[in-house]
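The values are calculated or read from the model by the stated rules, or taken from the named source; none is laboratory data. Note that the coordinates shown come from a computational prediction; the quantities given were computed from them, not determined experimentally. Because the Cβ atoms are built from the backbone with ideal geometry, glycine has one as well, and the counts that use them run over all protein chains shown.
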Amino acid sequence: MRVLVVEDDRMIAEAVRTALEQDGYTVEWIRDGASAAAALGASSFDIVLLDLGLPRRSGLEVLREARRRGIATPVIIITARDDVQSRVAGLDAGADDYLVKPFDLDELAARMRSVLRRGTGRADSALEHAGIRIDPATHEVLRNGEPVTLSAREYAVLEALMLRPGAILSRAQLEDRLYGWGGEIESNAVEVYVHALRRKLGAEVIRTVRGVGYCLPKR
Amino acid sequence: MKSIRARLLAGLLALVALTAIGAGVITYERMLDETSGLFDYQLRQMALSLRDQATIGPGLILPSHPYGSDFVIQIWSPLGALSYASRPGLPVINRAILGYADMRLAGERWRVYSLETADGVIQVAQPWRVREELASEAALRVLAPLLLLLTTMAAAVIWIVARGLAPLRRLASEVERRDAHSLAPIGAGGFPAEAAPLVEELNSLLARLADAFGKQRAFVADAAHELRSPLTALSLQLQLLDRAPDEAARAQARAKLGAAVERAIHLATQLLTLARHEPEGAAVQLRTVELESVVREAIAETNALAAARGIELALETAGVLHVRGDADALRILVRNLVDNAVRYAPAGGKVEVRLRTCAAGSGTALPGAARSVELSVADNGPGIPASERERAFDRFFRRPGSAEGGTGLGLAIVKAIAERHGARVSLEDAHPSGLRVTVLFPSLSS
């Protein structure tokens, strides 16, 4: 899962990044409003954590413009402004949730999962497909009821595919999810992970579409 | 006397009382005068009528008189023997002073009229007491309505004074109605001309109070808002420490937590410093301060930070310089200036601190001061564009992309302390690049 963190305070951003990476997210950090608008336009993220008090352009402006441009990525506002008016304005500007500083990391993670759940129209947080069940909160993977151990990167690939069963994700898209920008990627890393997943979950779980990418075949 | 009302009433009522007494005394004296005149005439008439009676003997007919029993008649023969006394046993009026005389007989004052005739001396006497009593009664009859009038006047005085002082009571209740939440000015319309200066000054004071409360509220609101980020960082780092999966992660989290604590402490300290040196803050003790030693102390405190960033700190002084102020506050001022400079200078850069005097008319000195002491701190960092220089002194103002760890309060603190010392702060470009902050103090002619 790729997260865009837009926050001008270094200490807070670093702490959030550490926590999210521990949970298996890939994190990009942007410090000001103008760069955030550019980043949202340039690439796709699964979720955005947006601070409001940003230099160069306010968070609300960035959000409104993104929504106007049709960017539907879920956004959680994290801010020090806790008055009712600010909350209403933030939610009306297009935010999916609103969190006030100081906040609890566990609560942040839960709200992120909740927002992501809504994004895919699911009621239950766990993802299930073809006998495989994964729980994004705990990163547990069950195959026909039996627990399976996956590495963090393997889990990330599986989760990406399970979020949209039947949709084909290209190798480049999967790499983006795993590493973000500026990461060192071995050219066949994705293949290696897919291979490991097939070994642990069964060869038919992931289908290769030559020249396009990978997908989870729908039953 | 502490009360206007008491003073007014005492004065006015004393006046009324004195008037009453004065009127009483004067009336009585006049009445006495008149009754005396009448009775004197009486005495003479009686003596004359006695003289005109053909024979003097027991068949003497005394004129009937309401006060007849108070008259005493004595007739003397030419040889000085008492030939008749109307009331035997009475003191003998021996001395024959002809005409009217006042005599003291048997402890009482008498009025005596003596008339010389061919047959001797006729004396008619009356006690003064009779006249005085009559005069008293007459005077009282005249004064009674006057006393009633004066009593009414006294009551009126009390009422008028109360009414006159009512505006003061109204003013007091108006002031009482004001509190921290409603400091509206008092309407000057309903108050008399004498209260106008008081009302005006009160309104001016209320305006200053409202301003001070407003500033205080804004400060508290700003501070509370600004504290959220450092405290959030603190809370997050603590949570990370709890979650740390291994020793390495724990060590890193512990280090970050320490840094976050430092930052929160720094912000809180700056806030307190600012609050203390704002115009409404605690009073500053002004003493003669030697500026160079203060500057050296402040530089020493910033040395560690400068060394960590590889920044060269240079000090240029002009010897012993005195200003009037508070040494601690001045040290805080210099520290904030040097701290800012060190943070904004690039790693390996340079910060120059300069202390010198400026003569009047040199273009840089303070207007109105013979000489000024100039303290300037320059860095070779990014500087501040002219358009943002005025806002740079605002609380919590930080330029986008500004240095780490800043609170945005440094220049606000410098300005507050400078103003308390009668000094002026200005920002300008350093050469070839960077920012120079200059503080001009009025010099103590030493």
message: Could you go through region B:106-129 and let me know if any residue there is at pLDDT 85 or above, over 20 Å from the mean Cα position of the chain (by Cα) and part of a helix (DSSP H, G or I).
response: yes
message: Please go through region B:266-309 and give me each residue that is among the polar types (S, T, N, Q), touching a residue at least 24 places away in the same chain (Cβ under 8 Å) and under 23 Å from B:Leu355 (Cβ atoms), ordered by number.
response: B:Thr273, B:Gln285, B:Thr288, B:Thr302
message: Suppose the filter is assigned to a loop (DSSP other than H, G, I, E, B), out of contact with any strand residue (DSSP E or B) (no Cβ under 7 Å at 6 or more places or on another chain) and farther than 20 Å from A:Ser114 by Cβ; does A:Arg64 pass it?
response: no
task: Name, by its number, the condition in (1) at pLDDT below 90; (2) assigned to a strand (DSSP E or B) that does not hold for A:Leu4.
output: (1)
- request: Please specify each residue of region B:51-81 satisfying the condition of being hydrophobic (A, V, I, L, M, F, W, C) and at pLDDT 75 or above.
  value: B:Phe71, B:Val72, B:Ile73, B:Ile75, B:Trp76, B:Leu79, B:Ala81
message: Please count how many residues of region A:135-155 are at pLDDT 85 or above, closer than 15 Å to A:Val192 by Cα and not in a loop (DSSP other than H, G, I, E, B).
response: 2
- request: Kindly indicate which of B:Arg243, B:Arg228, B:Arg208, B:Arg217 is in contact with a Leu (Cβ under 8 Å, 6 or more places away or on another chain) and assigned by TED's automatic domain parsing to the domain that holds B:Leu274.
  value: B:Arg243
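Can you name the residue in region B:434-446 that is surrounded by 14 or more Cβ atoms within 10 Å (Cβ to Cβ) and outside any strand (DSSP E or B) and is also modelled with the highest pLDDT among such residues?
Restricting to residues being surrounded by 14 or more Cβ atoms within 10 Å (Cβ to Cβ) and outside any strand (DSSP E or B), the top hit is B:Gly434.
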field: Sole exception among (1) within 13 Å of another protein chain (Cβ to nearest Cβ); (2) touching a Lys or Arg at 6+ places or on another chain (Cβ under 7 Å) for A:Asp46, by number
entry: (1)
query: Any chance region B:223-243 includes a residue that's exposed (fewer than 13 other Cβ atoms within 10 Å of the Cβ) and away from chain A (no Cβ under 14 Å)?
result: no
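Select, from A:Ala34, A:Ala39, the only residue that is over 23 Å from A:Pro102 (Cα atoms), within 14 Å of chain B (Cβ to nearest Cβ) and either assigned to a helix (DSSP H, G or I) or over 16 Å from the mean Cα position of the chain (by Cα) (or both).
Details: A:Ala39 fails: within 14 Å of chain B (Cβ to nearest Cβ).
Residue meeting the stated conditions: A:Ala34.
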task: Would you mind telling me which numbered condition in (1) over 21 Å from B:Phe39 (Cα atoms); (2) in contact (Cβ under 8 Å) with a residue 40 or more places away in the chain B:Pro127 fails?
output: (1)
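Residues checked against (1) modelled with pLDDT of 85 or more; (2) under 30 Å from B:Ser36 (Cβ atoms); (3) outside any helix (DSSP H, G or I); (4) assigned by TED's automatic domain parsing to the domain that holds B:Ala20:
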site: B:Ser136; (1), (2), (3), (4): yes, yes, no, yes
site: B:Leu149; (1), (2), (3), (4): yes, yes, no, no
site: B:Ile158; (1), (2), (3), (4): yes, no, no, no
site: B:Ala162; (1), (2), (3), (4): yes, no, no, no
site: B:Arg170; (1), (2), (3), (4): yes, no, no, no
site: B:Ala184; (1), (2), (3), (4): no, no, yes, no
site: B:Gly187; (1), (2), (3), (4): no, no, yes, no
site: B:Gly190; (1), (2), (3), (4): no, no, yes, no
site: B:Ala195; (1), (2), (3), (4): no, no, no, no
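May I ask you to verify whether B:Gln252 is crowded, with 20+ Cβ neighbours inside 10 Å, closer than 30 Å to A:Leu99 by Cβ and within 14 Å of chain A (Cβ to nearest Cβ)?
In short, no.
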- prompt: Quick check: anything in region A:30-40 within 20 Å of A:Asp104 (Cα to Cα), without any contact (Cβ under 8 Å) to a residue 40 or more places away in the chain and buried (at least 20 other Cβ atoms within 10 Å of the Cβ)?
  reply: no
query: With respect to B:Asp211, is the statement that it is closer than 30 Å to B:Phe396 by Cβ and free of Cβ contacts under 8 Å to residues at least 12 places away in the same chain true?
result: yes
- request: Kindly provide the set of residues from region B:305-356 that are buried (at least 21 other Cβ atoms within 10 Å of the Cβ), in a strand (DSSP E or B) and in contact with a His (Cβ under 9 Å, 6 or more places away or on another chain), ordered by number.
  value: B:Val323, B:Gly325
- line: Given (1) modelled with pLDDT under 90; (2) more than 23 Å from B:Glu419 (Cα to Cα); (3) in contact with a strand residue (DSSP E or B) (Cβ under 9 Å, 6 or more places away or on another chain); (4) not small (Gly, Ala, Ser), B:Leu315 misses just (1)
query: Which residue pairs have Cβ atoms under 6 Å apart, sit 6 or more places apart or on different chains, and have a first residue in region A:5-23 that is more than 10 Å from chain B (Cβ to nearest Cβ) and a second that is small (Gly, Ala, Ser) and part of a strand (DSSP E or B)?
result: none
query: When residues of region A:90-112 are filtered for being in a helix (DSSP H, G or I) and either surrounded by fewer than 17 Cβ atoms within 10 Å (Cβ to Cβ) or within 14 Å of chain B (Cβ to nearest Cβ) (or both), how many remain?
result: 8
